[in-house]
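Here the structure comes first, spelled out in structure tokens, and everything after it is commentary.
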Amino acid sequence: MKELFIKYLKGDMVIWVITLLLLALSIVTVYSFVPILVKMEGSTPFYYLFKHLIYVVIGFACIFFIHKLDPKFISQIAKFSYFFAIALLIFTFFFGKEINGAGRWVQIPLIGLTFQSSDFAKLALFLYLSKLLVRKKEKLNDWKEGILPLMIPIVIICGLIFKDNLSTSLLLFALSMAVLFIGQVPLSKLTTMGMAGVGLLVVVIGIHSALPSLNILPRYETWKNRLTNNITTDQNVLENAQALDARRAIHAGSWFGTGVGDGKLKEYIPEAYADFYYASFVEEFGAFSAVFLIFLYLVLLYRIIRIALKSDNLFETYVSMAIGLHLLAQASINMLVCTGVFPVTGQNMPFLAMGGSALIMACVSIGIVQSFAVKQNSGKTQIDPA
């Protein structure tokens, strides 16, 4: 078994082990956490388990095939991926399928599965931004030649995501700023860009508030209520039922958990298998397992950063850092939402939450990192892509 593992799965073995462990754990937990979905939408736990298994298989296939690609090819498709992401987001803007009041999903013909276009757009932006950083590395002190070409893709992608997914848009903007910082964009310019982004957000909200008939931000009241309710959670029991149930689930889990399948509060948390995954996990597996889960994500980040720093190619460094920070940020936000620190958002646990486009794109991201690791292990060198 070990020989087969080493023969077919190249790259960083620790990342392989952690990723496969998380995917295997997701199969167990999704089956355990879907009773609320069965109550709300019908069908059986086996149906959702089978659906999740399809995504897991697709995700593993993505890692396997992408990790065999030459990193040069990944660099070459960065620009195409970015423009395809824009087209996909525009299509979703007009023809997206609405779920839970947000039109973020594209219905895949024939098979009936849905795909959240912003999940692809995030990775596409990381790839294109990394490529631009390499190309503009000598012009980062020039606003027109260096900074604006970097800011325009960020504003376009974040702007297209913003209408239906505020948390993802803000997270992506923050991560993009982090990538620019890693790419040695001057701090003064980063500060100016950050302030400009905040200013633009305030202006858009101001226009929506002044002219509500335009309906620029159809989910504005939802965002506002989530923020307000998070501040006064204990006073608004009905409005904050899922947040309070999540906290109770964490408390009920104690140190060792109630046992797999024996959690009770997961049956009252609407997104127990996704947005409130961490609360359901702690309820059934306990605080000790939760700490181990956090440890796995930290080790995963460390191994990705290690690959980034070992690379002799700036494009690979920037992409790896962006992917590592994104995966950890998603996991951290899910935990902070479940513990009541952050207001309710739509960020789920990478590799663990019930399968969909988020799981597949997380696997694609790992496949890209593993592609870089394979090249490093083979001792090949490569000139930074222009």
Listed with the fewest Cβ neighbours within 10 Å leading, Tyr48, Tyr8 appear as Tyr8, Tyr48
Exposure proxy check on Trp16, Trp255: fewest-to-most Cβ neighbours within 10 Å is Trp255, Trp16
Counted neighbours (other Cβ, 10 Å), sorted fewest up, put Thr19, Thr339 in the order Thr339, Thr19
Computed ³J(HN,Hα) along region 292-307: with the Karplus parameters 6.51/-1.76/1.60, θ = phi - 60°, integer Hz and x for glycine or proline, the list is 5, 4, 4, 4, 4, 5, 5, 5, 4, 4, 4, 5, 5, 4, 4, 5
Residue by residue through region 359-368, the couplings from Karplus 6.51 cos²θ - 1.76 cosθ + 1.60 with θ = phi - 60°, in Hz, x for Gly and Pro, are 5, 4, 6, 5, 5, 4, 4, 5, x, 5
Total charge of the residues flanking Thr19 in space, meaning their Cβ is under 13 Å from its Cβ, with Lys and Arg +1 and Asp and Glu -1, is 0
Length gained, Ser209-Ile294, 0.36 nm per residue minus C-alpha separation, equals 26.6 nm
Checked against a 31 Å limit on the C-alpha separation, the offending pairs among Lys139/Lys163; Lys68/Lys144; Lys79/Lys310; Lys10/Lys51; Lys10/Lys144; Lys51/Lys163 are Lys139/Lys163; Lys68/Lys144; Lys10/Lys144
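Only the coordinates and a few stated rules stand behind these numbers; no lab work does. In this text the structure is predicted, and so the values were computed from the model without any measurement. Every residue, glycine as well, gets a Cβ built from its backbone with ideal geometry; the counts of neighbours run over all protein chains shown.
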